[in-house]
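This report concerns only the one structure given below.
All of the numbers you see were taken from the coordinates with simple rules; none came from a lab. Keep in mind that this is a model prediction, so the values were computed, not measured. With ideal geometry, Cβ positions are generated from the backbone for all residues, glycine too; neighbour counts draw on all protein chains shown.
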Amino acid sequence: MAAEVKKFLEEKPDLNQIFLEWKSPSHPYKKRSKLFYQTVAAFTFLLIVIVFFLHEFLLIGVILSVVFVVYAIYSVPPIEIKHKITPLGLDNAGRLFHWQELSAFWFEEKWGKIILVVQTHLPFLSQVRAVIDQSSRNRIKQILGKYLLFVETPPKSVIDRLSDWITNNLPLETTR
């Protein structure tokens with residue numbers, strides 16, 4: 001009986017094992033210049049004037065709300081958070097995403113930072129993102145590849161394509 005229990009315990013994975021652990025900023029961050037905020041303010045003023053003459057006063061509140069969110073997102077620097085890959089799933093800043101909740105993963109680059117993007121089956125959190133460094137990219141791909149599908153070119157929604165078009169065609173600051 002003791003031999004059977006020992007064999008059973010040897011075959012089961014250690015659920016407390018950590019395959020990979022790293023700390024990174026909570027999101028990629030680029031310090032914005034004064035010109036960026038001035039351009040956003042100019043676009044906002046122009047939109048508000050147009051909407052004012054159309055007598056859509058509620059829309060003015062929506063525009064101001066969106067501008068406040070943009071300001072808050074771009075002006076707050078990231079905090080450092082911890083990520084872990086375990087036999088149970090991906091632990092992102094203390095929230096464990098079980099393998100059953102995840103479907104695929106890929107890598108993106110933004111402002112010189114590499115981002116691990118993991119697609120989920122969850123209705124309100126469709127993606128989990130983590131900033132990684134170049135040296136751990138292959139190791140992460142090797143570990144996650146055993147549990148999830150690796151996607152070379154990620155699917156882009158209409159919102160993603162629209163966001164890319166706006167970013168490429170309406171630069172809010174000059175690059176030097």
Worksheet item: Being of a type outside the set (Asp, Glu), assigned to a helix (DSSP H, G or I) and either without any contact (Cβ under 8 Å) to a residue 12 or more places away in the chain or closer than 22 Å to SER157 by Cα (or both), is that true of even one residue in the stretch 112-128?
Response: no
Worksheet entry | Within the stretch 93-116, tally of residues that are closer than 18 Å to LYS146 by Cβ, surrounded by 13 or more Cβ atoms within 10 Å (Cβ to Cβ) and not acidic (Asp, Glu) | 9
Discussion item. As an exercise: evaluate ARG139 against (1) part of a loop (DSSP other than H, G, I, E, B); (2) closer than 16 Å to HIS83 by Cβ; (3) charged (D, E, K, R) and give the number of the one condition it does not meet.
Written reply: (1)
